[in-house]
1. Match the structure shown to one of the listed values (i) 63, 39, 34; (ii) 99, 51, 36; (iii) 57, 55, 41 of Cα extents along the principal axes in Å, computed from it, and give that label.
2. Which residue fluctuates the most in the chain, going by a Gaussian network model with Cα springs under 10 Å, if the choices are Asn96, Asn225, Asn188?
3. Looking only at Ser38, Ser211, Ser121, which one moves most when the chain is put into a Gaussian network model with springs between Cα atoms under 10 Å?
4. Which residue, Gly74, Cys200, Phe7, has the largest displacement toward the positive end of the dipole of the chain when charges sit on each Cβ (Lys, Arg +1; Asp, Glu -1)?
5. So how strong a dipole does the chain carry about its Cα centre when Lys and Arg Cβ are +1 and Asp and Glu Cβ are -1, to the nearest 20 debye?
6. Could you put Ile185, Ile146 in order, starting from the residue whose Cβ has the fewest other Cβ atoms within 10 Å?
7. Skipping prolines and chain starts, which residues have an amide H placed within reach, meaning under 5 Å, of the one on Lys123, given they are 5 or more residues away or on another chain?
8. What ³J(HN,Hα) values, in whole Hz, does the Karplus curve 6.51 cos²θ - 1.76 cosθ + 1.60 give for the range 222-239 when θ = phi - 60°, with x put for Gly and Pro?
Amino acid sequence: MKNINPFLWFDTQAEEAANFYVSSFSSVFDVTFDSNNSKMLIINRYGDAGPGPKGSVMIANFQLLGQEFVALNGGPVKDFYFNTSISFFVNCRLENEVIQLFKKLSENGKILMPLNIYPFSEKFVWFNDKFGVSWQLNLSKKAQNIIPFLWYENQAEEAMNYYISVFSALGKNKSEIKKLSRFGINENGQVGKVQHAVFCLNGQEYMTMDSNKERFTPSISLFVNCESQNEVDVLWDKLSKGGKPGQCGWLTDKFGVTWQIVPKAIVKLMRDPDLKKSQRVTEALMKMTKIEIDDLIKAYNG
């Protein structure tokens, strides 16, 4: 499991979307790539306590080209909608992979940049799928992979440097800017702002650029798996500064990006077969903003 994973909030379509993505990627990459890297992982369903209909999917964990995703049926919430502010950039080694994946994922979607040759790519396409999730498919010599792409109005460089400083404070894997190009004169962006950049957080790659007019929404958040309370404290305190803390480990940073800062220990506590214990943990969690592991353990033990 990677340290940071995309979390997608759906109204009622989480299971349909997860199956659609896994099926699309598995069928395209089953020859040129290990198909086991695109699969459904875990499905949790609502029980008698709800709030969703009993038996319906609450959370679906799935994997595409080794990148783990989480899809939630959270119901309709104002301002929770997908747009181009966060998209998923897919590197494909073969032209046929780009074409076939585009055909499958774009069905009943919306084309933003048509499948074509561009100055930066021999084959590229950008589109929103039928659920509204945004994808960029690119022919590349790199190994097939998926990279979250954050599109800012004019804060990309500031945001990159800020996130790098935050995750560097954990003293773990490298967090750094790997590539950076800027808009020049007569280009479609403000001169000097980020035209394209690649940066790493805890060794995981992200892409970014400036000139977007759509704001970030909580429909896609970045779910951080924390090893300890110290990691939770560091990330929560730094990322929420100037932003807005939410419930159950959710926060929106000062740039508008939504994060979930969650200790790994919570999974074991909430999936305990003793329903009374797991229910106590859930009730304690619902009262928290920043998650406190010791308080969850106390609730677990009664």
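1. Only one listed value fits the structure, namely (i).
2. Maximum among the listed residues: Asn188.
3. Per the Cα network of the chain with a 10 Å cutoff, Ser121 tops the list.
4. Farthest towards the positive pole: Cys200.
5. Working: 34 positive and 32 negative charges, 23 e Å.
The calculation lands at about 120 debye.
6. On the way: Ile185 5, Ile146 21.
The most exposed by this proxy come first: Ile185, Ile146.
7. Residues meeting the amide H criterion: Tyr118, Leu139.
8. Here the 3J(HN,Hα) series is 9, 8, 9, 7, 9, 7, 8, 5, 4, 4, 4, 4, 5, 5, 4, 4, 7, 6 Hz.
Bear in mind these aren't lab numbers, they're just calculated from the coordinates by the rules spelled out. Quick caveat, the model's predicted, so the values are computed rather than measured. Counting neighbours? That spans all protein chains shown, and the Cβs are built from the backbone with ideal geometry, glycine included.
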